[in-house]
Amino acid sequence: MDKVRQIRLAKDAMDRDWADPELDLGAVAAHAGYSRYHFLRAFKEAYGETPGQYLTHRRIERAEEMLRAADLSVTEICHLVGFSSLGTFSARFKARTGLTPSEYRSKNVGRGAALIPGCYAMLWAGGFPPARTARRPAGRTAKSTATLKKRPDPAAAYRDKEQPPDDRRAEP
């Protein structure tokens with residue numbers, strides 16, 4: 001495989017996995033089949049910037065889109081685009097755009113499409129943490145454990161004067 005194609009494969013991996021905070025020089029170099037430092041030199045020669053600079057630019061571009069279009073906090077956007085530190089994100093964002101993320105949002109909000117509710121943006125971006133599963137006692141299946149959980153009293157959801165609807169699951 002020629003050198004340019006190998007580097008392009010790694011660049012494609014960065015374009016695809018830009019939001020992954022675990023994406024580092026070693027992982028990207030592995031896509032190209034190079035050592036970290038050889039890949040760094042080859043990438044800079046081919047694209048004029050280091051892989052880290054390229055990835056940061058991609059993440060900042062995505063953050064700009066989210067700041068304009070999504071109703072999410074700056075911290076949520078920071079984590080969704082792959083930064084693990086809000087301070088680093090804000091510093092890199094300001095260096096690239098000349099504005100802090102909050103300033104950028106206040107100047108550009110509403111340009112383009114209507115704001116997307118944060119819950120939809122988080123769902124689309126895969127930002128919701130995985131649901132915690134309760135530990136099951138040995139020998140129990142998911143179904144049998146779920147039926148052991150206490151169901152809320154239906155009368156508790158109604159005022160004293162109102163009666164809960166008939167429970168059709170009761171007796172046949």
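The values are calculated or read from the model by the stated rules, or taken from the named source; none is laboratory data. Treat the numbers as computed from the prediction; the structure is a model and nothing was measured. Cβ atoms come from the backbone with ideal geometry, glycine included; neighbour counts cover every protein chain shown. For accessibility, only protein heavy atoms count, side chains too; no ligands or nucleic acids. Shrake-Rupley method; radii C 1.70, N 1.55, O 1.52, S 1.80 Å.
So if I take the centroid of the Cα atoms in the stretch 15-34 and the same for the stretch 39-85, what is the distance between those two points in Å?
13
With each pseudo-label sitting 7 Å past Cα toward Cβ, what's the Ser84-Ser102 distance in nm, one decimal?
About 2.6 nm, to one decimal.
Which GluC sites (Glu not before Pro) in the stretch 1-66 sit in a loop by DSSP (not H, G, I, E or B) and have at most 14 other Cβ atoms within 10 Å of their own Cβ?
Answer in residue order: Glu22, Glu49.
Rounded, prolate or oblate: which fits the stretch 31-90 when a ≥ b ≥ c are the square roots of the eigenvalues of the alpha-carbon gyration tensor, with rounded for a/c under 1.5 and prolate only if a/b beats b/c?
Prolate.
With each pseudo-label sitting 7 Å past Cα toward Cβ, what's the Ala91-Ser35 distance in nm, one decimal?
2.9
Could you pull the accessible area for Arg92 with a 1.4 Å probe, rounded to 10 Å²?
120
Using a 1.4 angstrom probe on the protein heavy atoms only, line up Leu72, Leu9, Leu25 by accessible area, largest first.
Details: Leu72 10, Leu9 70, Leu25 40 Å².
So, going from the largest accessible area down, we get Leu9, Leu25, Leu72.
Report the relative contact order of the stretch 20-93, percent, no decimals, based on alpha-carbon pairs under 8 angstrom and at least 6 residues apart. List each step's numbers first, then the result.
Details: 47 pairs, mean separation 18.5, N = 74.
Relative contact order comes out at 25 percent.
I'd like the accessible area for His57: 1.4 Å probe, protein heavy atoms, all chains in place, Å² to the nearest 10.
It works out to around 50 Å².
Could you rank Tyr47, Tyr34, Tyr54 by how accessible they are, 1.4 Å probe, largest area first?
Details: Tyr47 85, Tyr34 45, Tyr54 10 Å².
Final ranking, largest accessible area leading: Tyr47, Tyr34, Tyr54.
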